[in-house]
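Enquirer: Quick one: structure below, then a few questions.
The values are calculated or read from the model by the stated rules, or taken from the named source; none is laboratory data. Predicted, not measured: the structure shown is a model, and the values here were computed from it. All Cβ positions, even for glycine, are placed from backbone atoms using ideal geometry, and neighbour counts span all protein chains on display.
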């Protein structure tokens with residue numbers, strides 16, 4: 001199975017059992033504290049998330065899959081590491097930063113199609129079997145299953161970490177009705193390190209292994225539909241879709257692997273672009289430039305909202321006339337959400 005998986009672009013396949021009852025208490029506490037924010041689907045499914053056999057009746061084992069996503073062109077041998085190149089973008093306030101995973105094709109589509117192909121290969125070998133594939137698309141405790149199956153351990157930022165691949169990978173699952181021998185979990189290797197906690201721009205990692213999504217820039221720019229809280233806007237800098245800081249700072253990501261697939265190569269127009277250029281996209285341009293990619297799902301309105309915040313932060317740093325003009329061009333936008341963030345952004349120009 002590992003050989004078939006590698007042919008399909010996966011780096012590792014493992015197996016977990018379906019008894020996740022020990023994870024239920026932590027999930028319930030996280031939800032009770034409201035750390036899931038607007039992600040109501042997290043609560044809507046109740047404990048199904050921690051009960052694979054309730055989600056897909058008949059499930060007795062879960063095949064977990066890992067797929068590395070660093071673009072093939074990533075300079076992993078750069079003198080100060082590829083992470084330094086990404087951190088340097090924060091020093092160019094007029095440049096837009098899109099999270100690394102979102103620069104190529106939508107990972108949901110890539111993983112789902114390849115997990116289905118892997119299922120088909122298994123069926124050819126063992127005969128028809130009941131299965132269902134998932135990737136970040138249903139009430140599945142992905143990180144918990146990955147950890148239990150030995151894909152890695154949970155880092156203090158709550159993401160799964162591997163000694164061989166850091167954390168720059170996607171996870172997927174195949175729920176199956178065949179009883180397979182579970183693979184062994186691995187030991188945890190974070191020790192006393194708290195780099196991810198300290199680097200978080202909004203201090204969203206409120207304690208080791210405890211993330212308040214309502215403060216997380218990835219959540220705010222992608223999942224959150226309404227106005228971005230005023231106190232968090234200055235902390236977002238020029239990040240317009242996602243945030244990689246807790247992964248970029250992690251020492252284990254010096255072992256991050258590049259993808260073997262062209263799907264995750266960065267698309268033209270999304271890397272190293274000026275905020276004013278992206279802010280000028282009308283809805284048709286936005287839909288065309290994001291077709292087949294993960295960014296499209298936030299829609300044009302949230303895209304403009306996010307960039308308006310970044311432009312406000314750039315204006316505070318540079319008082320650039322071009323940035324001001326770009327914002328002024330959207331003051332009469334038909335969305336009240338966009339208008340409000342544009343007004344806030346223009347008010348950041350302390351020199352005007």
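Enquirer: Can you spot a residue in the range 220-236 that is in a helix (DSSP H, G or I), without any contact (Cβ under 8 Å) to a residue 40 or more places away in the chain and closer than 19 Å to residue 102 by Cα?
Expert: yes
Enquirer: What about residue 145, is it within 24 Å of residue 205 (Cα to Cα) and within 16 Å of the chain's Cα centre (by Cα)?
Expert: no
Enquirer: Does the range 123-141 contain at least one residue that is within 20 Å of the chain's Cα centre (by Cα), surrounded by fewer than 17 Cβ atoms within 10 Å (Cβ to Cβ) and not in a strand (DSSP E or B)?
Expert: Looking through the range 123-141, at least one residue is within 20 Å of the chain's Cα centre (by Cα), surrounded by fewer than 17 Cβ atoms within 10 Å (Cβ to Cβ) and not in a strand (DSSP E or B).
Enquirer: If you don't mind, there's one more thing I want to ask. Does residue 144 count as crowded, with 17+ Cβ neighbours inside 10 Å and modelled with pLDDT under 95?
Expert: yes
Enquirer: Restricting attention to the range 243-250, does a residue exist that is farther than 22 Å from residue 83 by Cβ and either modelled with pLDDT of 95 or more or touching a helix residue (DSSP H, G or I) at 6+ places or on another chain (Cβ under 7 Å) (or both)?
Expert: no
Enquirer: Examine the range 222-232 for a residue that is over 16 Å from residue 306 (Cα atoms) and buried (at least 19 other Cβ atoms within 10 Å of the Cβ), and state whether such a residue exists.
Expert: Among the residues of the range 222-232, not one is over 16 Å from residue 306 (Cα atoms) and buried (at least 19 other Cβ atoms within 10 Å of the Cβ), which makes the answer no.
Enquirer: Moving on. Which one of these does residue 334 not meet: (1) over 20 Å from residue 230 (Cβ atoms); (2) touching a residue at least 12 places away in the same chain (Cβ under 8 Å)?
Expert: (2)
Table: residues versus (1) surrounded by 18 or more Cβ atoms within 10 Å (Cβ to Cβ); (2) touching a strand residue (DSSP E or B) at 6+ places or on another chain (Cβ under 9 Å); (3) assigned to a helix (DSSP H, G or I).
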residue	(1), (2), (3)
72	no, yes, no
80	no, no, no
88	no, no, yes
110	yes, yes, yes
114	yes, yes, yes
120	no, no, yes
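Enquirer: If you don't mind, there's one more thing I want to ask. Looking at 281, 344, can you tell me which residue is buried (at least 17 other Cβ atoms within 10 Å of the Cβ) and touching a residue at least 24 places away in the same chain (Cβ under 8 Å)?
Expert: Just a single option satisfies the conditions, and that option is 344.
Enquirer: Kindly establish whether residue 104 is within 30 Å of residue 290 (Cβ to Cβ) and either buried (at least 16 other Cβ atoms within 10 Å of the Cβ) or modelled with pLDDT of 90 or more (or both).
Expert: So residue 104 fits the description; yes.
Enquirer: For residues that are in contact with a strand residue (DSSP E or B) (Cβ under 7 Å, 6 or more places away or on another chain) and assigned to a loop (DSSP other than H, G, I, E, B), scanning just the range 1-54, find the one that is modelled with the lowest pLDDT.
Expert: 35
Enquirer: Let me ask something else about it. If the requirement is being part of a loop (DSSP other than H, G, I, E, B) and more than 30 Å from residue 206 (Cα to Cα), which of these qualifies: 104, 191?
Expert: 104
Enquirer: Here is a list of conditions, (1) at pLDDT 95 or above; (2) farther than 24 Å from residue 254 by Cα, and residue 109 meets all of them except one; can you say which number that is?
Expert: The number of the failed condition is (1).
Enquirer: Give me the pairs: first residue in the range 258-278 and modelled with pLDDT under 95, second residue part of a helix (DSSP H, G or I) and crowded, with 16+ Cβ neighbours inside 10 Å, beta-carbon distance under 6 Å, and six or more apart or on different chains, which are they?
Expert: 269/289
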